[in-house]
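Laboratory data are not the source of any read-out in this text; all were calculated from the coordinates shown. Since the model is a prediction, treat every value here as computed from it, not as a measurement. When we count neighbours, we look across all protein chains shown, and the Cβ atoms used for this are built from the backbone with ideal geometry, even at glycine.
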Amino acid sequence: MLSVTARMAQPPLPRLPRRLAVLLLLVAAHPASAADLAPGAPPLTQDIADLRRDAVEVSLDIQFTARQLREHQRLYAWHWKYATADRQKAEAAFLPAFRGAFEKTEADRKALREKHRAALLAEAKERAEKGSPYHRWLLATADRAAEVIAAGPPPLRRDALENTLEFIQWVLRMQLTVRQQEEFLRLVPAEWNRDTAKADRETIINEFLPVYRKVVRLAPNDRTTVRNMAEPLLLDALKKPETPLDRWLAGAHAEANKVLAAGPPDALTAGATDQQADFYDWALGLRLADDTRAELRKLIVQDWTTIESTRRGTLDTARLMDDPPGGGAGELSRLRDRASTLLFVCGQPKNVVNRATMDVYRKAHPGVKPPVLPDSRKVLADGTPPLTEGEAECARMCFEWLFGFAFTDEQRAAFRKTQLDEWARKDKGAMEGTLDNAFLYTQLMWLTPEDRELVRAFTLPDFLKVMRETKDTDPGNKWLLEQYEARYPSLVKGKPGPTQADADALGELLRFQTREITGGDAGAAEKVASVAVEKVKSGVGAVHEVTGAAQQLALIRYAWPTLNEADRQELRDRWADSLRPLGVSPKLAAWQATPAPAREIDMLAAWRALQTQQQNTAMISNMLRMQHQTNMTIIRNMGSTPYRYEYKYEYRRR
C-alpha cells in the first residue's frame, strides 16, 4: 500500500530528520490565541477548546483530520454558548487533566481513557438525545473514525486513512478532485494486507499518524516550515513507485501539477481547473461527465490567457473546494453560488460546457415539463442575424419573468418597438443581446420553479443597476426602467431607494425568522416586522440592507424544507442574536440554556445590526465565494452601452 509514505524518509517517516523532529518539539506547545470563542462563565477560550479536542481524541481513541478539527471547534463553541454556567465551570475544571496528553506515554493516555471514556460517552449520548448538534456530530464522527476497513494487523481504520489522504495532499500542495479522493480511498484498503509490508503498516499507524497529529495543531507558519522540509522527501519517493497505489499517486501528482498556463499571480495547473469542475458539481448538486470536465478545462485556459482579471478568481475558487463551507450558513452560501452558476449556465448558447451541464441538470430533474415557448419563424426585421417573432417574444417574456409582472398590451407594443429600433439602427450589440435574452429565457424555463425564483432574486438587482447606469444613453434601458419603477416606486418620493416590494420582503423575512426563534409567536413576529417596515418607509437603514432582504428570503425559502434540524437551529440561533435586543424572547432548544447576556444597545442600533446579519448570513464562514458577473446577458441587450460583452467569472471575497 503506502510504500511511498513509509519510505518518505530513511529511517521511516516518523524518525524524521533531526531539524524536523526538533521543530515539532518546539512548536508542540505553541501558545493558544487569547481571543474568546464563545461567551460564558467562563468564556470559551482557545486553550479550553484545544483541551476539549485532546480529551475527545484520547478518551474515544480517534484522530480528527484537520477539517474535522475545524468543525469540532465550530460546533463546540456553539454548544458552549448555550451550556449552563455550572456545566461550563465543570468543563473548564475537568479538561486540564488532558493537557500535554500527546506528549505522554501510551500507558498514560490509556489510563486517561479508561478513567474518562465512559463518562464522556454517557454525556454525549444524553446531550445527543436532547438534540445537541455538537454531540450528535461527535458520536457519528467517532463511530466513523473507528470503522475498520482493512483487517491488518494492525487494522486500518477510517480515521487513519482519511488523515493519510489529507497529509499527502497537504505535503504535495495538491487537492485531489472528489473522484480522485474516492479512488484513493478505494485503493488503500485493497493494498493494506496484499502489498504493504507489516513493518510499514505498523510505521504508518504507530509513528507516522502521531506525527501528523502534531502537524495539524501547528500555527500556519510552523506548518509551512514542516511542509517545506517534508515535501522534497515525498517527492523523491514518488520517483520510485512500487505498488499500484504508488504509481496512481505519482500519476495524480504529475497531472495535478501540470502547468497549463503561466501566471501571474500563480501558474494555472490542471488540478486547479479540475477543482472548477468540482465547484460546478458542488454548487449545482450534479456530477459532470469526464468529457464535460475536459471541455471546461479548455475554456478556463482560454479565459486565463485572454482575460487576465479572471485569474485570481480561478485560483480562489480552486482553494474554496479544498474545504467547502458546511452547516446552515454554509448551505445558504452554496445556494448563492447555485443561483449565479445557473444564470451563467443558462445564458451562453455557444458554450459546450454549459450545454452539457444543462443536459445533466435536466436528467437530474425529470419532473420539469418542457416549456411551452413561442417558436414563430416569422421574420420581423432583416439583419445579420434577423429578428424573428419567436425570439422577440422570448426576449419580452424574459423581462416579464425578471420584473415579476406581465406587460399590458400597450407595454408589449412599446417594447416591440424598442426591439425593432435596435435592428433599424443596426446596433449589433443590442441585437445580439436581444437574441441572447431570448435564449436565456428558453433555458431558464427548464429550471425547477424553486431554482427559477432563486436565480431571479439574485439577478434582478444587478439588471436594475445596469439599467440605471445606462438609461441616459440607451432608450431600451430607459423604457424598461420606467416600467419597473412605475410598478415598484421608491418609498421615499423623488428619491431612489427601497420599494414597497423590498419592504414587503423584509417584513416577510422578519416574520419567518421571529416565528422560528420563538416557536411560532405570531404576535412577536408581526411587531418586529411592522417596526422594521416603518423604519424603512421613513428612510432609516442603508438601501442595500433593505433590498438584500429579498435575496435572503429566497435563500431561506429554497433551503428550509431540506435543511436538517441542526442546520435550522444554527440559523435560528444566529437570528436570535440579532432579534433578542429588539425584545424578542427566543424559545430555546431542549439542549440549550440561556446564553450569557449581551450588552445593552438601543433599538435602532439593534435593527441595523439585524440587517447586517441578514446580509452576512450566507457568508458566515468567510469563504472565498464565486460570483459570476450578472451583467452577463443583459449588457449587450441594453442597447448602445459603453460596455464590451464578455463571458467571464467575477469572484468576490466577503
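Observations
- Per residue, the average separation of C-alpha pairs within less than 8 Å and at least 6 apart gives segment 313-438 a relative contact order of 20 percent.
- Farthest positive-ward along the chain dipole, Cα basis, beta-carbon charges - from 380, 58, 185: 58
- Length released on extending from residue 35 to residue 70, taking residue separation times 0.36 nm less the Cα-Cα span: 11.0 nm
- Amide H contacts under 5 Å for residue 44, placed H, 5+ residues apart: 37, 38
- Computed label-point distance, nm, for sites residue 129 and residue 248 using a 7 Å Cα→Cβ extension: 4.3 nm
- Cα lying deepest toward the dipole's positive end in the chain, options 307, 277, 156, charges on Cβ: 156
- Kirkwood estimate for the chain, i.e. one over the average of 1/r between Cα atoms, Å: 28.1 Å
- In order along segment 447-458, phi translates into HN-Hα couplings of 6, 5, x, 5, 5, 4, 5, 5, 4, 4, 4, 8 Hz, rounded to whole numbers, per the Karplus curve 6.51 cos²θ - 1.76 cosθ + 1.60 with θ = phi - 60° and x for Gly and Pro.
- Principal-axis analysis of the Cα atoms of the chain puts helix 409-424 at an angle of about 90° to the longest axis.
- Ranking 514, 448, 581 by how far each Cα lies toward the positive end of the dipole of segment 432-590 (charges on Cβ) leaves 581 at the top.
- Its alpha carbons give segment 134-291 an Rg and a Dmax of 17.1, 49 Å.
- Calculated from backbone phi, Karplus (6.51, -1.76, 1.60) coupling profile of segment 550-566 in Hz, x at Gly/Pro: 4, 5, 5, 5, 5, 4, 5, 4, 6, 7, 4, x, 10, 5, 6, 5, 5
- Under the convention that each Lys and Arg Cβ holds +1 and each Asp and Glu Cβ holds -1, the size of the dipole of segment 181-336 around its Cα centre is about 280 debye.
- Shown is the FRET efficiency for residue 420 and residue 453, computed with R0 = 41 Å from the Cβ-Cβ distance and rounded to the nearest 0.05: 0.85.
- Residue-wise HN-Hα coupling along segment 140-145, computed from phi with Karplus coefficients 6.51, -1.76, 1.60 (Hz; x: Gly, Pro): 5, 5, 5, 4, 5, 4
- About the Cα centre, charge dipole magnitude for the chain (Lys/Arg +1, Asp/Glu -1 at Cβ), debye: 740 debye
- The chain: calculated mean residue ellipticity at 222 nm from DSSP helix runs of at least 4, using -39500 (n - 2.57): -20000 deg cm²/dmol
- Each Lys and Arg adds +1 at its Cβ and each Asp and Glu adds -1 at its Cβ; summed about the Cα centre, segment 509-582 shows a dipole of about 220 debye.
- Coil-residue trypsin sites (Lys or Arg not before Pro) of segment 278-383, DSSP, other Cβ within 10 Å capped at 11: 350, 377, 378
- Gyration tensor verdict on segment 99-161 (Cα atoms; rounded if a/c is under 1.5, prolate if a/b is larger than b/c, oblate otherwise): oblate
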